[in-house]
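The values are calculated or read from the model by the stated rules, or taken from the named source; none is laboratory data. Quantities reported herein were computed from a predicted structural model and do not represent experimental measurements. So basically every Cβ, Gly included, is an ideal-geometry build from the backbone, and we count neighbours across all protein chains shown. These accessible areas exclude ligands, DNA and RNA; they are computed on the full protein's heavy atoms, side chains included. Shrake-Rupley method; radii C 1.70, N 1.55, O 1.52, S 1.80 Å.
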Amino acid sequence: MMLFADVNDDINKWLAARPLVLAAGAAVFALIFFGLAASVVVTGKAVTKKGKDLEGGQAKAMGVVWLVAGVGCLGFAVFKAVAR
């Protein structure tokens, strides 16, 4: 039986040899999350994929979630860039 991870073995080896590519990808995600969090601060609304936009306390909570996700992505990017 072949695992899904085995299918991507060549990609995993390529990325392991080039950690800066992973760092750059994580940094892009961090910028997206920071942008979403900043939009909550500016507009007071958080956009959702389905349904109404979040407002008030729910929007602030979603902004905090996006901010934490951005910090996590940025931390991973720094780790991958430094710990070669």
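Just the residues that are among the basic types (Lys, Arg) and surrounded by 12 or more Cβ atoms within 10 Å (Cβ to Cβ), please, taken from segment 37-50. Within segment 37-50, LYS45 is the sole residue that qualifies. In the set (1) open to solvent by 50 Å² or more (accessible area, probe 1.4 Å); (2) over 16 Å from the mean Cα position of the chain (by Cα), the condition left unmet by PHE34 is number (2). Among the residues of this structure, ALA81 does not count as one that is buried (at least 17 other Cβ atoms within 10 Å of the Cβ) and touching a residue at least 12 places away in the same chain (Cβ under 8 Å). Within segment 48-71, the set of residues being part of a helix (DSSP H, G or I), without any contact (Cβ under 8 Å) to a residue 24 or more places away in the chain and not basic (Lys, Arg) comprises GLY57, GLN58, ALA59, ALA61, MET62, VAL65, VAL68. Annotation: LEU67 fulfils all but one of (1) open to solvent by 60 Å² or more (accessible area, probe 1.4 Å); (2) more than 14 Å from the chain's Cα centre (by Cα); (3) not hydroxyl-bearing (Ser, Thr, Tyr); the unmet one is (2).
Among the residues in segment 10-19, are any open to solvent by less than 50 Å² (accessible area, probe 1.4 Å), in a helix (DSSP H, G or I) and either of a type in the set (Gly, Ala, Ser) or free of Cβ contacts under 8 Å to residues at least 24 places away in the same chain (or both)? It would help to see each step written out before you state the result.
Kept after step one, since they are open to solvent by less than 50 Å² (accessible area, probe 1.4 Å), are these residues of segment 10-19: 15, 19.
Next, from what is left, pick out any that are in a helix (DSSP H, G or I): 15, 19.
Now drop any that are not either of a type in the set (Gly, Ala, Ser) or free of Cβ contacts under 8 Å to residues at least 24 places away in the same chain (or both), which leaves 15.
Checking segment 10-19: at least one residue is open to solvent by less than 50 Å² (accessible area, probe 1.4 Å), in a helix (DSSP H, G or I) and either of a type in the set (Gly, Ala, Ser) or free of Cβ contacts under 8 Å to residues at least 24 places away in the same chain (or both).
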